[in-house]
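Asks: Please read through the structure below; I'll follow up with questions.
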Amino acid sequence: MEQTWRWFGPADPIPLTHIRQAGATGIVTSLHHIPAGDPWTEAEVVKRRDEIAAAGLCWSVVESIPVPESIKLRRGDYQAAIASWKQSMTACARAGLKVICYNFMPIVDWTRTDLMWQRPSTGYALRFDMTEFVAYDVFILRRPGAADAYPEELVAKAETQFAAMSAADAERLEKTIIAGLPGTDISQDRASMLRLIAEYDDVSPQQLADNLTLFLEEVAPLAESEGIRLGIHPDDPPFSLFGLPRVVSTATDLRRLLQAVPIAANGLTFCVGSLGARPDNDLVSMIGEFGSRIHFTHLRNVTLEPDGSFFEADHLDGSFDMTRVVGALLDQEKARRGQGRPDAEIPMRPDHGHLLADDVDKRTNPGYSYVGRLKGLAELRGVMHAHG
Ligand code: DNO
């Protein structure tokens, strides 16, 4: 697997030199300075590509070209938004880039409730706590109908938790949930959240899935002809939040979206930490079924709790067997080599990392620490070597 590392561009506190020292050869990045929805130009892509190349690295994957809400809703200026998305994709293709990651999660991208959850090692992990999330949804955001959407017992627990929160705790929780984590190009406040959620009132999961298919029917054939492989990122977490539909969470979802537009360019970012946050997702069998369409992978582990909460574990620890997952991905690469596929090597990145040692006092993008990811990459590299 090609070892890559997510870099948030020149504003990232981690310089490209340090990424090289970690042993990564590929960079995963986006043009974060261009507002979401605006078209990218070839010149901008080339400029960033060359800056990365000058540091002895290669821009391997675009993560992400944001998909505006109008496309997910198929309302308003969605046609112009699709045209703009295609233009960005073509700019990447012309600059020689090959893989583009994107997601189709309504309103909120990846979501956690705690960015500094202390582990017994004294390092810090990211956590999604179901009770805290419900406390936010029902008692802080006060989403209409939210209280009826959860089991009574959970709402009662959330109420107790909310009552014990200081104003500062509540504010921190709100910021963590809706202000946008790294890579999320749009952040919300309470009023805009409620307004946007209401726009999805009459959008069923089936409707959202259909809108995704219509989007793919437009972009995937163009990607194929431009030599681009698209990898949709699964929902993180892989279940509905705020009553919003999410349609990239399960094996059934992946099967449907891959079959909807059955060409190689319509593929997956196989994020094992996202998919692995559902106990009914069997990652190894999913790699077996969808492997030929996996264009990129994010490797991290999660420890699941019975109520749907989870925290980000060490890369080789947690609720699923990372060693087997890596083995299945390497088997997929072997199969591709046998078929002479030019894309035999799958780019991987160590996804997220704990806050460890010097990370703790530094400015970091949550989840994207240096030492924590360095450790994750080193451990994963060990597993890859051992598989041979
Ligand atoms: C979180 C990331 C996501 C991902 C987007 C892809 O750490 O994996 O933000 O970049 O969902 O569009």
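The values are calculated or read from the model by the stated rules, or taken from the named source; none is laboratory data. What you are looking at is a predicted structure, and each value in this text was computed from that prediction instead of being measured. Backbone-built Cβ (ideal geometry, glycine too); neighbour counts: all protein chains shown. SASA here: full protein model, heavy atoms, side chains in, ligands and nucleic acids out. Shrake-Rupley method; radii C 1.70, N 1.55, O 1.52, S 1.80 Å.
Asks: What chymotrypsin sites (Phe, Trp or Tyr not before Pro) in the range 181-280 are in a loop by DSSP, with at most 14 other Cβ atoms within 10 Å of the Cβ?
Replies: Answer by residue number: Phe239.
Asks: Per residue of the range 274-288, what does 6.51 cos²θ - 1.76 cosθ + 1.60 with θ = phi - 60° give for ³J(HN,Hα)? Whole Hz please, x for Gly and Pro, Karplus curve as stated.
Replies: 6, 4, x, 7, 10, x, 8, 8, 8, 4, 5, 6, 5, 5, x
Asks: If Lys and Arg each add +1 and Asp and Glu each add -1, what is the summed charge of the other residues whose beta carbon sits under 11 Å from the beta carbon of Glu305? Kindly include the intermediate steps, with their values, before the conclusion.
Replies: Values: positive: Arg127; negative: Asp129, Asp307.
Net of charged neighbours comes to -1.
Asks: Please work out the FRET efficiency for the pair Ala11 and Ser192, using the Cβ-Cβ distance as r and a Förster radius of 25 Å; give the result to the nearest 0.05.
Replies: 0.55
Asks: Next up: Take Leu57, Leu374 and sort them by solvent-accessible surface of the protein heavy atoms, 1.4 Å probe, largest at the top. Spell out each step's value before the answer.
Replies: Values: Leu57 10, Leu374 60 Å².
Greatest to least solvent exposure: Leu374, Leu57.
Asks: Rounded to the nearest 20 debye, what is the charge dipole size of the chain about its Cα centre when +1 sits on each Lys and Arg Cβ and -1 on each Asp and Glu Cβ?
Replies: 1080 debye
Asks: Now for a different question. Heavy atoms only, 1.4 Å probe, whole protein assembly: order Asp185, Asp351 by accessible area, highest first.
Replies: In descending accessible area the options line up as Asp185, Asp351.
Asks: Excluding the sites themselves, what is the longest stretch of the chain that contains no trypsin sites (Lys or Arg not before Pro) in a DSSP loop with at most 14 other C-beta atoms within 10 Å?
Replies: 143-361
Asks: At a 1.4 Å probe, what is the % contribution of carbon and sulfur to the accessible area of the chain?
Replies: 51 percent
Asks: Any idea how far apart Ala344 and Glu218 come out in nm if each label point goes 7 Å out from Cα toward Cβ?
Replies: For the pair Ala344/Glu218, the computed spacing is 3.8 nm.
Asks: How much accessible area per residue does the range 114-194 have, counting only protein heavy atoms and a probe of 1.4 Å, in square angstrom?
Replies: Working: 4270 Å² over 81 residues.
Each residue of the range 114-194 exposes 53 Å² on average to a 1.4 Å probe.
Asks: Before rounding to the nearest 500, sum -39500 (n - 2.57) across all DSSP H runs of length at least 4 in the chain and divide by the residue total; then give [θ] at 222 nm in deg cm²/dmol.
Replies: Roughly -12500 deg cm²/dmol at 222 nm, from the helical runs in the chain.
Asks: Let me ask you something else. Using 0.36 nm times the number of residues separating Asp201 and Asp307, minus their current alpha carbon distance, what extension gain do you get?
Replies: 35.6 nm
Asks: Given a 1.4 Å probe and the protein chains all in place, what does the accessible area of Leu216 round to, in Å² to the nearest 10?
Replies: Spelled out: Leu216, probe radius 1.4 Å, area about 0 Å².
Asks: Sticking with this structure for a sec: Quick one: grab the alpha carbon gyration tensor of the range 114-194, order the square roots of its eigenvalues as a ≥ b ≥ c, and give me rounded if a/c is under 1.5, else prolate or oblate depending on whether a/b is larger than b/c.
Replies: oblate
Asks: Something else: Can you tell which of Thr122, Thr184, Thr250 shows the greatest fluctuation in a Gaussian network model of the chain with Cα springs below 10 Å?
Replies: Thr122
Asks: Further, regarding this structure: Please give the solvent-accessible surface of Thr41 in Å², to the nearest 10, using a probe radius of 1.4 Å with every protein chain present.
Replies: Probe radius 1.4 Å; accessible area of Thr41 about 60 Å².
Asks: A further question follows. Find the lysine pairs in the chain meeting two conditions, Cα atoms under 21 Å apart and a separation of 8 or more places or different chains, and report how many there are. Mind dumping the intermediate values first?
Replies: Working: Lys47/Lys86; Lys47/Lys98; Lys72/Lys86; Lys86/Lys98; Lys98/Lys334; Lys175/Lys362; Lys362/Lys375.
Lysine pairs meeting both conditions in the chain amount to 7.
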